[in-house]
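In what follows, a structure is listed as structure tokens, so that the remarks can point back to it.
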Amino acid sequence: MAFLPITHLVFAKTKANNTMKKLSYTNSHYSSPSHNPGALYKLFPSTCFYLRFLKEIMVSAHKARQGLYTGEAWVNSSLAILGMLEKIGVSFDISGIEHLQKQDGPAVIIGNHMSALETAILPSLVYPKKPVTFVVKQSLLDYPVFKHVVGARNPIAVSRTNPRSDLKTVMTEGCKRIEEGTSIIVFPQTTRSHSFSATEMSSIGVKLAKKAGVPIIPLALRTDAWENGKKLKDFGKINITKKVYFAFGNPLTVQDRGTEEQEHICKFIENKLHEWSLSL
């Protein structure tokens, strides 16, 4: 149930004869088309969005239970959610997509983590270029309904309470996924935050890239339009006055212990967040 204008979607046939929708980029950049949401969307953006969002999740969970939640279905669902957000008035700015195509094999994508929005939207940006999965909290695989959707995409689950055990899990399971040709998205911050501090970024993603012998793709994002909820963190207010930004950076090859690469990633994120704050 995508709400994107047809001029902003192109279609590609997959080997399984499914249809996978894709965003249409101009010079590797996507910007939401101008849109004036109706009065109901302006008055009740969060309610209007979540009613459609939960319906999409229910449909996706049903497919997952049947073993039909393929990568193509994941992308289409992700794009549908992007369209729902645009429908109520949220604008997107997505850049650096060309960096996902600079090498044919898998990569480790390392970014900051602000909200549930990036988890919902990133599949539509990355998967059409590279098969991908996430490092997620184990609790996501315990959520009713959501667990079917998340689990269907073969994520790497960590506790976020035992760093040593989590590192071992990411190294072992991450290398397995990468050997199978799947890229890994890692959010190394201890928790979601609308602010960014380099001191809160662990080096777990850099260590995985070094061990697996694959490049790193830095990712900076600003997704605070989807606020974190007070009681249920995934269900915060949708603030249509805030623009959503995603920016992918040049691939990095890990040298030595990866200290310079870790610093580069953090500086990339800091610079982008500063740039975006100036554009408001």
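At a glance:
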| quantity | calculated |
| --- | --- |
| Residue identified as open to solvent by less than 20 Å² (accessible area, probe 1.4 Å) and either modelled with pLDDT of 95 or more or farther than 30 Å from residue 46 by Cα (or both) among 269, 240, 204 | 269 |
| Top-ranked residue in the stretch 243-266 [being part of a helix (DSSP H, G or I) and β-branched (Val, Ile, Thr); ranked as most open to solvent (accessible area, probe 1.4 Å)] | 259 |
| Enumeration of residues in the stretch 208-237 that are in contact with an Asp or Glu (Cβ under 6 Å, 6 or more places away or on another chain) and more than 21 Å from residue 135 (Cα to Cα) | 236, 237 |
| Residue 120 being within 16 Å of residue 61 (Cβ to Cβ) and modelled with pLDDT of 95 or more | yes |
| Qualifying residue in the stretch 9-19 (condition: surrounded by 13 or more Cβ atoms within 10 Å (Cβ to Cβ), touching a Lys or Arg at 6+ places or on another chain (Cβ under 8 Å) and not in a strand (DSSP E or B)) | no |
| Residue 121 open to solvent by less than 40 Å² (accessible area, probe 1.4 Å) and in a helix (DSSP H, G or I) | yes |
| All positions within the stretch 86-98 that are crowded, with 20+ Cβ neighbours inside 10 Å, more than 15 Å from the chain's Cα centre (by Cα) and either β-branched (Val, Ile, Thr) or assigned to a helix (DSSP H, G or I) (or both) | 86, 88, 90 |
| Filter result for the condition that a residue is more than 29 Å from residue 169 (Cβ to Cβ) and of a type in the set (Val, Ile, Thr), over 109, 88 | 88 |
| Inter-residue pairs, beta-carbon under 6 Å, first closer than 10 Å to residue 238 by Cα and open to solvent by less than 70 Å² (accessible area, probe 1.4 Å) and in the stretch 40-58, second of a type outside the set (Phe, Trp, Tyr) and not in a helix (DSSP H, G or I), 6+ apart | 45/238; 45/240; 46/237; 46/238; 49/238 |
| The stretch 181-201: number of residues that are within 16 Å of residue 109 (Cβ to Cβ) and open to solvent by 20 Å² or more (accessible area, probe 1.4 Å) | 2 |
| So residue 34, is it out of contact with any Phe, Trp or Tyr (no Cβ under 8 Å at 6 or more places or on another chain) and modelled with pLDDT under 95 | yes |
| Pairs, first open to solvent by 50 Å² or more (accessible area, probe 1.4 Å) in the stretch 131-150, second part of a helix (DSSP H, G or I), C-beta under 8 Å, six or more apart | 131/71; 143/150; 147/140; 147/141; 148/60; 148/61; 148/64; 148/65 |
| Matching residues, the stretch 99-118, being in a loop (DSSP other than H, G, I, E, B) and either aromatic (Phe, Trp, Tyr) or open to solvent by less than 10 Å² (accessible area, probe 1.4 Å) (or both) | 107, 112, 114, 115 |
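The values are calculated or read from the model by the stated rules, or taken from the named source; none is laboratory data. The shown structure was predicted, so the numbers you read here are calculated from the model rather than taken from an experiment. Every residue, glycine as well, gets a Cβ built from its backbone with ideal geometry; the counts of neighbours run over all protein chains shown. When the accessible area is computed, the model is the full protein with side chains, heavy atoms only, and any ligands, DNA or RNA have been set aside. Shrake-Rupley method; radii C 1.70, N 1.55, O 1.52, S 1.80 Å.
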